[in-house]
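Remarks on the structure that follows.
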Amino acid sequence: MSTQTSGADAIRPARALDTASEARLVWLRFGRHKLAVLGLAIVALLYLMAIFAEMAAPFDPDHSNARLVFHPPQAIHLIDHDDDGWHLRPTVIPYRLARDKVTLAATYVQDGEHHTRLRFFVHGDPYRLWTLIPMDIHLIGPAEPGQTMFLFGADRQGRDVLSRIIYGARASLSIGLLGVANSLLLGIVFGGLSGYFGGRVDWFVQRTIEFIISLPTIPIWLALAAALPKDMSPLVKYFCITVIISLIGWTELARVVRGRFLALRSESFVTAAMLDGCSRRRIIFRHMLPALTSHIIASVTLAIPAMILAETALSFLGVGLQPPAISWGALLKEAQNVESIAAAPWLLLPGAAVALTVLALNFLGDGLRDAADPHGH
Amino acid sequence: MDTDQHDTPPVLEVRGLSTHFLLRAMTLKAVDDVSFTLHPGRILCIVGESGSGKSITARSLLQIVSPPGRIVAGQVLYRATPDAAPVDIAQLPARGPAMRALRGHDIAMVFQEPMTSLSPIHKIGWQIAEGLVAHGMMTRKQALARAVDLLRQVEIPNPEQAAEKFPFEFSGGMRQRAMIAMALACNPRVLIADEPTTALDVTTQAEILRLIRRLQVEQGLAVLFITHDMGVVAQIADDVLVMYHGRVVEAAPVSDLFANPRHSYTIRLLEAAQKLGMAAPPARAAVQPGPRLLEVRDVMLTYPAQGSLFRKTVQPAPTLQGISFDLHEGENLGIVGESGSGKTTLGNCIIRVLQPSAGSIRYTRRDGTVEDLAALDRDALRAARREIRMIVQDPFASLNPRMTVEQCIGEPLLVNGILQGQALRDRVAQLLTMVGLPGDIGSRYPHAFSGGQRQRIVIARALALDPRLIIADEATSALDVTLRGQILDLLLELQPRLGLSFLFISHDLGVIRYFCNRVAVMHRGRIVEIGPTEQICTAPREAYTQRLLAAVPEATPQRRTLVSV
């Protein structure tokens, strides 16, 4: 009789992976998912851009100019030539407003003679970073103050669309995060209660969720948003909209949490923990919640796009954030009539920003979900 | 393998078959240079432990290996008739019409899990008939008539009615019969059976083995039978192929293999099987039982009636119907029974994962006080569970994947406030050494260990609190046979040192016979017979026990008690 393991079942020497925690394994699996890593990079860039919106935007988003209404987008040229010869430096070719002699219609024509040179970290419109630090550095802009640059064109008040999109990211992306945080809180509390206690509690929570899901979303949002007083400050209104959006979103998360709780409750390692003498609290927090986190992170990532789309829809319909507040939905409101789209199709660019964000978050969420649960499919 | 002894040419000839899994970091040689021949009217068993490549070999023959697995070398020569020119199946495109025509029509396969291999939404009769219609052999009506005929052949009672039923209305054994009927529908020449009885109870297994043998003789089938169980091999095989790590280590006719195994792995496999077989001497025959530890009286468990708005409330049959037995100190009591007999439920009632509906479980504590486990409150229960521990079947699921081995083993000591810090780490290292593992592996996670090693970790965790009674619920069932013996020996070695008693729950009579000195046979929630292991195994009184014993496949090919032709 031997207590040593036989040759076939020998302990192998320690490898790096043997001491890798579950979180690290999830991360390694995530790294293999190329599209998800790309999604993560894009999402990270977008959120960085939103955090440093004042610096990332070339101009003040409210800086209007009646003479530059619907200025078309300009392409960046890397090679420039002047009397001294050719140079490798980014420039844009400015436009001049000209009137057709017959129809008197205003059109923009390229002015090939004076190129606007661009530089990184230029001094431009002054701002207060996070409303605190006075600064005037912009990531990119025309080298000479007073010159203009419209990479994404200008809107009907001559404001830079790119700067407005970058500022809009701040509201749209943060509503996504805050809304999900709200949803998550509600989802974990109700889903956890439902999954852990089961029985009557579960029945009641599930029926409530089903009722909420059965409500037609947009009319409810409209009604709730319309009920907000008109004279609310933009900040308060912003929080109210967040809460309204997350009131619907928590149900999905609650279901995910409940499902995982139910599945975990019957796992043998949870039973083993109970038999080891663990308290109920320790079982939930030490054994069950860690097993849930990766799934929760994945679900949350997949829930953010829904929040962003909801905010866009509300603002587009005119009941979400209202000008002067800037969000992607509020910007898209400008593109509500066919004439302005025909005159200035670049007004739809905030929609492209929404699509990019939503896609990137979905790739990221899918990758996280696959990494957290490699046997899920 | 020697082909001269067969007068007919082989129906299937495999030469140098290699199926590799091309993974990111490495190539896994799941099947490596495997050769064998299949003859009509003979059963070839491929035997090996989990991961030996036996299933992948079978799947390669039909080209249904899931990616990234791929046949990288070798030939699979199939002869449709003895005179026909052989076709190399390995060269056919996996999704091509030629391969599809062979599958099911010439070579049919039966899988391990009959529930997942049958479509839940189609009637049994149609599922059998479908292949016939798909291969263009019959009209729908003829095929359905043939399905009924096939169900009769596989000994399903009332085949006309059975054809109209859905898979969920069938028991496990009936479903496997239906699967076999489906496989036989097109009159194949080769039947591949991949662990067809592993998911079944031992009595059902005996019936299915008998059925396969009968059909094979009647229809002159060539059968490739895959199993991990040397007992099944001894009962059913004509020829045997032993696989280990993707390679064939030994091939011989069954009687030769059992009489003179040549390869060291075959010898190890046979020794392990015979140690836990019914002929070997049990490890613990004579035991002087100490004072009474556990007194179980009339334990009942009835699940609450399930009623709803639209369904009438049905009073379910109780899962446990008045269980009574005693367990003495130093004794190993085995609980044996088939699935659904209530043996796991009984274990869960004693440790109060489940609350028995009636009866008493009187436990004598270390200090001599006697308490009724069935009536304890939360705190008292926690104290009692320090003396009564449990080991469950699945070593993969019972360790928290997010905790290191040290945290897993140390947890009961920590949460009961017994040890912490360096003292805890030292004790964990000591426990690891006790169960035959190096003491310095505490910082690794469970995923770094094999099944046998994990079960040792689970045992270390059970021993951490210095228990007196261990309830082992199918503790060795998930392990390969060579490891099974090692784990049992480990427990037997620790038993006198630590003063342990065991309640050992298993479906495997061989394991129970080896490990326990007393055994209780459970059937439909009752103990039908209880007594010393030797007496139960050699002179059972109850008809059910006799049936159970008769169905155990013995690892001696000379005594084919299950399959007589």
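Here, each number is a calculation from the coordinates, and none is a lab measurement. Nothing here was measured: the structure is a model prediction, and the numbers come from that model. Cβ placement follows ideal geometry from the backbone for every residue including glycine, while neighbour counts extend to all protein chains displayed.
Computed over the Cα atoms of region A:223-283, the ratio of the radius of gyration to the Kirkwood radius (Rg/Rh) comes to 1.35. For chain B, the normalised intensity computed at q = 0.06, 0.10 Å⁻¹ comes to -0.35, -0.95 (log10 of I(q)/I(0), Debye sum over alpha carbons, equal scatterers, no solvent).
Partner shielding of A:262-272 amounts to 5, given as the average count of beta-carbon atoms from other chains within 10 Å of each residue beta-carbon. Summing Lys, Arg as +1 and Asp, Glu as -1, what charge do residues with Cβ under 13 Å from the Cβ of A:ILE76 carry, A:ILE76 excluded? Neighbour charge sum, excluding A:ILE76 itself: +2.
Applying 0.36 nm per residue to the separation of A:ASP82 and A:LEU139 and subtracting their alpha-carbon distance, the gain on full extension is 18.0 nm. With N counted as the residues of region B:469-545, its alpha-carbon radius of gyration over 2.2 N^0.38 Å works out to 1.13.
Taking the three principal axes of the alpha carbon atoms in the protein assembly as shown, the coordinate ranges are 114, 81, 61 Å, sorted in descending order. The slack in the chain from B:VAL353 to B:THR198, taken as 0.36 nm per residue of separation less the alpha-carbon distance, amounts to 53.0 nm.
Out of A:GLY365, A:GLY31, A:GLY249, any idea which swings most in a Gaussian network model of chain A, alpha carbons joined below 10 Å? Its mean-square fluctuation being the largest, the pick is A:GLY31. Placing pseudo-labels 7 Å out from each Cα toward the beta carbon at B:GLN91 and A:PHE211 gives an inter-label distance of 7.1 nm. Among the residues of B:428-438, the average count of other protein chain beta-carbon atoms within 10 Å of the residue beta-carbon is 2. The rule of thumb for compact globular proteins, 2.2 N^0.38 Å, goes into the C-alpha radius of gyration of region B:85-228 1.02 times. The rule of thumb for compact globular proteins, 2.2 N^0.38 Å, goes into the C-alpha radius of gyration of region B:230-284 1.16 times.
Over 28 Å apart at the Cα level, from the set A:LYS237/A:LYS333; B:LYS275/B:LYS343; B:LYS165/B:LYS343; A:LYS230/A:LYS333, are B:LYS165/B:LYS343. Pair-distance distribution of region B:405-466: all C-alpha pairs, bin width 10 Å, starting at 0; shares per bin in whole percent are 26, 60, 14, 0. In region A:308-377, the convex hull through the Cα atoms has an average projected area of 6.0 nm², a quarter of its surface area.
Over region A:168-213, the fraction of Cα-Cα pairs per 10 Å bin, rounded to whole percents and listed from the shortest bin up, is 26, 38, 23, 11, 2.
With θ taken as phi - 60° and the Karplus curve 6.51 cos²θ - 1.76 cosθ + 1.60 applied, the whole-hertz 3J(HN,Hα) list for region A:53-63 is 4, 4, 7, 6, 6, x, 9, 5, x, 9, 6 Hz, x standing for glycine and proline. Averaging 1/r across all pairs of distinct Cα atoms in region B:12-275 and inverting the result yields a Kirkwood radius of 19.0 Å. Multiplying the residue separation of B:ASN158 and B:TRP126 by 0.36 nm and subtracting their alpha-carbon distance yields 9.9 nm. Report summary: the helix-based calculation at 222 nm, which adds -39500 (n - 2.57) for every DSSP H run with n ≥ 4 and divides by the residues of the protein assembly as shown, gives -13000 deg cm²/dmol.
Solvent-free Debye calculation, one equal scatterer per alpha-carbon of chain A: log10 I(q)/I(0) at 0.09, 0.12 Å⁻¹ equals -0.69, -1.02.
Inter-label distance, A:ARG24 to A:ALA223: 5.4 nm, where each label sits 7 Å from its Cα along the C-beta direction. Charged side chains reduced to their Cβ positions (Lys and Arg at +1, Asp and Glu at -1) give the protein assembly as shown a dipole of some 1400 debye around its Cα centre. Computed from the C-beta positions of B:ARG292 and B:ALA539 and an R0 of 25 Å, the FRET efficiency is 0.45 to the nearest 0.05. The magnitude of the dipole of region A:54-159, with charges of +1 and -1 set on the Cβ of Lys/Arg and Asp/Glu and taken from the Cα centre, is near 340 debye. When the protein assembly as shown is described by a simple charge dipole with +1 on each Lys and Arg Cβ and -1 on each Asp and Glu Cβ, the residue from B:ALA185, A:HIS77, A:LEU224 located farthest towards its positive end is A:LEU224. Taken over the Cα atoms of region A:54-159, the convex hull encloses 105 Å³ per residue. Across peptide B:389-402, the average count of Cβ atoms from other chains found within 10 Å of a residue's Cβ is 5.
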